[in-house]
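S.K.: Right, I'll just put the structure down here and ask away after.
The values are calculated or read from the model by the stated rules, or taken from the named source; none is laboratory data. Since the structure is predicted, the reported quantities are computational estimates derived from the model, not experimental observations. As a convention, Cβ positions derive from the backbone with ideal geometry for all residues, glycine included, and neighbour counts pool all protein chains shown.
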Amino acid sequence: MPFNSLTGRDDASPLIPEEVSREIIQNVADSSATLRFFRHVNMGSAQQRMPVLAALPSAFFVSGDTGVKQTTEQAWKNKFLNVEEIACIVPIPEAVLDDSDYDLWGEIRPRIEEAVGRTLDAAVFFGTNKPASWPTNVVAAATAAGNTYTRGTNTATLGGIAEDINQLMALVEIDGYDSSGHVTQRRYRSRLRSARDTTGQKLIDVQTSSIEGAPLMYAMPGLWPAPGTGAAEFITGDWSQGIVGVRQDITWKLLDQAVITDGSGLVQYNLAQQDMVAMRVVARFAFEVPNPINYDQPTEASRYPFAVLLSP
C-alpha cells in the first residue's frame, strides 16, 4: 500500500483554468499598491534581463575650422527581474466543510488574495521579508537618495501639510521624474482634510482621491511603521519607473492526497489518512526599479523616482 501519494501539478492542472490566474492578479490589485500602481510585465522565465541606460552622450563645439572633435559614449548596464514565490496552504478537515452552512472556500479565498498583496507590498515598500534577489525597498532607497521630507516643516501660514507634500513631489522632480501617484495610510485622511489656507479654505479635497491630479491610494493597513520620529508616512513618485514581473503560472490547487510537513520535514498533516483537503495558492512575482540616468540628476546615488514624507 502506498503512503506517499500526492496530487501533483499534472493531476490538478485541468481543474485550474488560465482565467483563474488572471482573476487572482485583478483581485490582489484591488488592495495592493504594488500591483495597482507599478508597471506590469509578463515573464516567461524566472529571470529577465533589462538593459538600463547608464551614461548619456555629449556633444561639443569645435574650435575654428581645424579644431579637433571630441569623442563621447553612451552606455548601458544590466538590471534583472528575479521571480520569487509567495505561497500558502489552508488545510481543512472534510467534515468541517461538510458541516458548514457557508462556502468556506468562498470566504477564505478573498483573504488569501489580500494576504498575497500584503506580503508583496511589505517587501516592496518596507523590505519586510524581502527576497535577497530584489532591490532595496522603496522607503530605504528613497532615503538613501536623500528623497525625504519631514511633515510639519511648513507652518499653517506656509501651507502646512499641503506644502510639505508639494516639496516632497519637488524632490522627485529634481531627480528628473514626475509624481504620478501617492500612497499613504488611512489615518492620513484627517490630516489632509484639515489642510487649510489662512482664510480657512481647503487646500486638499480628499473626496477626489487625488492630489495635484495624481491618484491617492490608502493602502497597506497595519504595515506602515509605528508612529514615531522619522517613520515613513506618505510615499509619492513616478510609478512608471517601477516594474512588477508577473509569471503566468499563478495557481490555486485543491489538494487531497498530499502530506504537509514543517520546516524540519516533520509531518503535520496527512490529508488522505486524516480525511482533509488543503487549498494551496502560489503567486510568483519579480520587482525592480531601473532608475535610468537622466540629465536632471546624472548621479545614480542621488537619483530615485520616489520620495517619502517622514513623521517629525
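S.K.: Which number in (1) farther than 25 Å from H182 by Cα; (2) out of contact with any helix residue (DSSP H, G or I) (no Cβ under 9 Å at 6 or more places or on another chain); (3) of a type outside the set (S, T, Y) marks the one condition that D256 misses?
M.R.: (2)
S.K.: Just checking, which of A54, A123 is surrounded by 14 or more Cβ atoms within 10 Å (Cβ to Cβ), modelled with pLDDT of 80 or more and either touching a Lys or Arg at 6+ places or on another chain (Cβ under 7 Å) or part of a helix (DSSP H, G or I) (or both)? Full working, then the answer.
M.R.: On the way: A54 fails: modelled with pLDDT of 80 or more.
Only one candidate passes the filter, namely A123.
S.K.: Let me ask something else about it. Picking from L168, L216, L192, L203, which residue would you name as being within 11 Å of A307 (Cα to Cα) and of a type outside the set (D, E, K, R)? Lay out the reasoning, then the answer.
M.R.: On the way: L216 fails: within 11 Å of A307 (Cα to Cα); L192 fails: within 11 Å of A307 (Cα to Cα); L203 fails: within 11 Å of A307 (Cα to Cα).
Of the residues listed, the single one that is within 11 Å of A307 (Cα to Cα) and of a type outside the set (D, E, K, R) is L168.
S.K.: Give the range 194-235 a look and list any residue that's assigned to a strand (DSSP E or B) and within 19 Å of D178 (Cα to Cα), or say none. It would help to see each step written out before you state the result.
M.R.: Filtering the range 194-235 down to residues assigned to a strand (DSSP E or B) leaves 196, 202, 210-211, 214-218, 232-235.
The answer is S210, I211, A214, P215, L216, M217, F234, I235.
S.K.: Can you find even one residue in the range 79-88 that is touching a Gly at 6+ places or on another chain (Cβ under 7 Å), among the hydrophobic types (A, V, I, L, M, F, W, C), in contact (Cβ under 8 Å) with a residue 40 or more places away in the chain and closer than 29 Å to E300 by Cβ?
M.R.: Residues of the range 79-88 that are touching a Gly at 6+ places or on another chain (Cβ under 7 Å), as a first pass: 81, 83.
If we keep only those that are among the hydrophobic types (A, V, I, L, M, F, W, C) too, we end up with 81, 83.
Remaining after also requiring in contact (Cβ under 8 Å) with a residue 40 or more places away in the chain: 81, 83.
Next, from what is left, pick out any that are closer than 29 Å to E300 by Cβ: 81, 83.
Yes, some residue in the range 79-88 is touching a Gly at 6+ places or on another chain (Cβ under 7 Å), among the hydrophobic types (A, V, I, L, M, F, W, C), in contact (Cβ under 8 Å) with a residue 40 or more places away in the chain and closer than 29 Å to E300 by Cβ.
S.K.: Pick from the range 149-182 the residues that are of a type outside the set (S, T, Y) and in a loop (DSSP other than H, G, I, E, B): which of them is nearest to T199 (Cα to Cα)?
M.R.: The initial filter retains those residues of the range 149-182 that are of a type outside the set (S, T, Y), namely 151-152, 154, 156, 158-176, 178, 181-182.
Those left that are additionally in a loop (DSSP other than H, G, I, E, B): 151-152, 154, 159, 175-176, 178.
Details: R151: 22, G152: 19, N154: 17, G159: 11, D175: 34, G176: 35, D178: 30 Å.
Out of the qualifying residues, it is G159.
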